[in-house]
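In what follows, a structure is listed as structure tokens, so that the remarks can point back to it.
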Amino acid sequence: MMTRSIAAFIGASLVSGTAAAQGMPWSYNAVLYGWVPAMDASVDTRFGEVESSGSGSDALSALDMAFMGTFEARRGKWGLIGDLIYADLSNSEATPRGVLFEDAEIGVKTTALSGYATYRVYETEAVAFDIGGGVRAFDLSVDTALNAASDRVQDRGVSQTASWADPLLAARVIAPFGEKWFATAFADAGGFITESSSTWQVLGTVGYRFDERWAAQFGYRYMNLEKEIDGRDVEVDLYGPLVGVSFRF
């Protein structure tokens, strides 16, 4: 019911916004990012909770692949934003009280596709403020390997997969400073339908415009997701610095 209500609200907003923006041209902005995220993960298994963490120093060694890109279309005060993250990471961690298992490895593959409809509620030369709503679709695969502490115990492995979508509420602030510099802060939160999943993220960048079309951005992103899979809780945090190149047309 809530999903349909959110979808109806976004659809009605887009229809009314498009009508209000008749005669105004569309503008587009595409951003590709280089991102090396670290990962914290917590997985509930029948052998107990397994946790792992990765700092920025070992993020490269834990990373198999990551991709991050954003596309935005604007017309007047209204906008559509699409955001894609793909990450393939793994962490190893010594298990507490290593009686049965001496260490554990958690491997996570996740695709997160977010879509938003936004409205600019305030804008001056110094700052612009957008609010929006949307949805984030996840495809998550978590493989947990428990390595035995002795020959009398067998190695164990647990695989968990799930695909789902969470509704989102979002806000963004854009603040130009100087002639070519600008700062952006973005946050969203979702998962209001059931207690089985939730997600939130924050993103902050500082950008420099080379000309009207090209810009570079530097910043930091943190995303959290929690999901109950087959009756067991999984929590993953992805975080780290980023650098991006954007093109407006």
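Could you check, for the stretch 201-209, whether at least one of its residues is surrounded by 19 or more Cβ atoms within 10 Å (Cβ to Cβ), of a type in the set (Phe, Trp, Tyr) and out of contact with any helix residue (DSSP H, G or I) (no Cβ under 7 Å at 6 or more places or on another chain)?
no
Out of all the residues in the stretch 153-161, is one or more over 30 Å from Ser92 (Cβ atoms) and either in a strand (DSSP E or B) or without any contact (Cβ under 8 Å) to a residue 40 or more places away in the chain (or both)?
Within the stretch 153-161, not a single residue is over 30 Å from Ser92 (Cβ atoms) and either in a strand (DSSP E or B) or without any contact (Cβ under 8 Å) to a residue 40 or more places away in the chain (or both).
Could you list, in sequence order, the residues of the stretch 177-200 that are crowded, with 16+ Cβ neighbours inside 10 Å and closer than 19 Å to Ala30 by Cα?
Of everything in the stretch 177-200, those that are crowded, with 16+ Cβ neighbours inside 10 Å and closer than 19 Å to Ala30 by Cα turn out to be Phe182, Ala183, Thr184, Phe186.
Would you say Asp139 is of a type in the set (Asp, Glu), surrounded by 20 or more Cβ atoms within 10 Å (Cβ to Cβ) and modelled with pLDDT of 95 or more?
Answer is no for this residue.
From Gly82, Gly11, which residue is out of contact with any Cys (no Cβ under 6 Å at 6 or more places or on another chain), at pLDDT below 60, under 25 Å from Ser198 (Cα atoms) and not in a loop (DSSP other than H, G, I, E, B)?
Being out of contact with any Cys (no Cβ under 6 Å at 6 or more places or on another chain), at pLDDT below 60, under 25 Å from Ser198 (Cα atoms) and not in a loop (DSSP other than H, G, I, E, B) holds for just one of Gly82, Gly11, which is Gly11.
Kindly indicate whether Ala145 is part of a strand (DSSP E or B) and modelled with pLDDT of 95 or more.
Answer is no for this residue.
The values are calculated or read from the model by the stated rules, or taken from the named source; none is laboratory data. It should be emphasised that the depicted structure is a prediction, and the values quoted were computed from it without experimental measurement. We place every Cβ from the backbone using ideal geometry, glycine too, and count neighbours over all the protein chains shown.
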